[in-house]
Each structure stands twice: as C-alpha cells, then as structure tokens.
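Engineer: Okay, handing you the structure first.
The values are calculated or read from the model by the stated rules, or taken from the named source; none is laboratory data. Quick caveat, the model's predicted, so the values are computed rather than measured. FYI the Cβ positions are ideal-geometry reconstructions off the backbone, even for glycines, and counts take in every protein chain you see. Protein only, heavy atoms only, side chains kept; ligands, DNA and RNA dropped before computing areas. Shrake-Rupley method; radii C 1.70, N 1.55, O 1.52, S 1.80 Å.
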Amino acid sequence: FRMLHPDDRVPAHAAWSAGWASGEGWTVEYRFLHPAGHEVWVRDEASLVIDPTTGLQTWQGVLIDLTSEKSAEHDLRRSEQRYRALVEQVPAVVYLDRYGEGDHRTTFSSPRVEELTGIAPERWTADPDLWQSVIHPDDLVRVRDEMTACIEQERTLDIEYRWRHTDGRDVW
C-alpha cells in the first residue's frame, strides 16, 4: 500500500474493499512508485476462486503492466493539445471537410472562421450548405468547379476567393 502513488491510494483501496465485500473481485488501474523513482502503471484484476471440494476461498489476481500504454496515451494527449493550440492560434482558418457521394460537410473549423465570416465554428459543422451562402456570388461557380476538379483528381484545393462577412463586407 505504501508503494501506491498517493493520488491512487483511495480509489484503489475503495475498489479492493468493494471487491472483497461483494466477493465479485475488482479491476482497477493505479500507479506504483518504483524504488528507482519512476511511476509504474498497472491494471489489477482479481476474482474470488472457491474450491468446489473443500470450499476453500482464494483470491486470484494479476497485475498487468500498463506503463507503456499510459505513456503513449499521455504523449498523444500532449500532442493533441499542442496541435489544437497551434490550429486555434494560427492567423488563418483551419478546417477539415468530408466529401462523399454528393455530400460535402465541414467536420472541423478553427475559431478564426468567426472573425473572418461572423459565423461561429459550430454553425459551419452543423450546416453542410453554409459554405455556399458565404462565398461571394461572383466566385461561387469557380470555387465549386475547382473543388469538383480537386476531388476528382485527388489533389489539394488551392484557390483564392471572397467570403461575405455577416456585417456585409467582403473578406478575401
């Protein structure tokens, strides 16, 4: 118990106590403090085994080392946080669109889109046809044609056009 990470002692003890009391066992993840100073993540799984002949009750358990998995999860979360910060701070609109048989949908739009159009990012993802109403009418056919060509040729869209801001001004 002393080797458990202080933050994990209460939840681990609660899982063990509930498992013992109910006889149903437990599955709980927690950290050990290794004598060398680093944390070791484990999944502790245990169940009650009753010998049918003698009635002897034994707890049978296994500790599975999750350290590498938890480290990878941590690294992924950290990477996602850095990416999100970059995307949200870059002075451009970053977006992800999905294309499929006649379906064009924005699945993500960075916060900067609201500054440039007056429309919140959530509306961009909620309304698949919104983009067509925002593109300047004089540019819409050209943009649609170029999008179609890019999709058919599986190449990146690289085009300049105007958006109509909700306040009426054009934004290139």
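Engineer: Among Ile151, Gly168, Leu56, pick out the residue whose Cα is farthest towards the positive end of the charge dipole of the chain, where Lys and Arg carry +1 and Asp and Glu carry -1 on C-beta, about the Cα centre.
Structural biologist: Leu56
Engineer: Evaluate the distance, in nm, between pseudo-label points positioned 7 Å from the Cα of Thr54 and of His13 along their respective Cα→Cβ axes.
Structural biologist: If labels sit at Thr54 and His13, their model points lie 3.2 nm apart.
Engineer: May I ask you to give the percent of accessible area on the chain that is carbon plus sulfur, with a probe radius of 1.4 Å? Each step should come with its number before you reach the end.
Structural biologist: Working: 6180 of 11910 Å².
Carbon plus sulfur share of accessible area: 52 percent.
Engineer: Return the FRET efficiency for the residue pair Val90, Glu39: r is the Cβ-Cβ distance, R0 is 30 Å, and the value is rounded to the nearest 0.05. Can you show the working numbers first?
Structural biologist: Working: r = 35 Å, r/R0 = 1.16.
About 0.30, to the nearest 0.05.
Engineer: Sticking with the crude label model, points 7 Å out along Cα→Cβ, report the distance from Asp129 to Leu116 in nm, one decimal please.
Structural biologist: It is 2.4 nm.
Engineer: With a 1.4 Å probe and all protein chains left in place, how much accessible area per residue does the chain have, in Å²? Before the final figure, lay out the partial values.
Structural biologist: On the way: 11910 Å² over 172 residues.
Per-residue accessible area for the chain comes out at 69 Å².
Engineer: If I model a spin label at Asp97 and Thr27 as a point 7 Å from the Cα along the Cα→Cβ vector, what separation in nanometres do I get?
Structural biologist: In this crude label model, Asp97 to Thr27 measures out at 4.3 nm.
Engineer: Separate question: Relative to the longest principal axis of the C-alpha atoms of the chain, give the angle of the C-alpha long axis of helix 67-89, reported between 0 and 90° and rounded to the nearest 10°.
Structural biologist: Rounded to the nearest ten degrees, it is 20.
Engineer: Now for a separate question. Mind pulling the angle between the C-alpha long axis of helix 9-22 and the longest principal axis of the chain? Nearest 10 degrees, somewhere in 0 to 90.
Structural biologist: Roughly 60 degrees between the two axes.
Engineer: Rounding to the nearest 20 debye, state how big the charge dipole of the stretch 68-141 is about its Cα centre with +1 on each Lys and Arg Cβ and -1 on each Asp and Glu Cβ. Display every interim value, and only then the final one.
Structural biologist: Working: 9 positive and 15 negative charges, 86 e Å.
Dipole magnitude for the stretch 68-141 comes out near 420 debye.
Engineer: So how strong a dipole does the chain carry about its Cα centre when Lys and Arg Cβ are +1 and Asp and Glu Cβ are -1, to the nearest 20 debye? Spell out each step's value before the answer.
Structural biologist: On the way: 19 positive and 32 negative charges, 116 e Å.
Using only the charged Cβ atoms, the result is roughly 560 debye.
Engineer: Between Trp20 and Gln81, what length in nm is gained on full extension when 0.36 nm per residue of separation is reduced by their alpha carbon distance? Before the final figure, lay out the partial values.
Structural biologist: Numbers: separation 61, 0.36 × 61 = 21.96 nm, distance 3.96 nm.
18.0 nm is the gain from fully extending Trp20 to Gln81.
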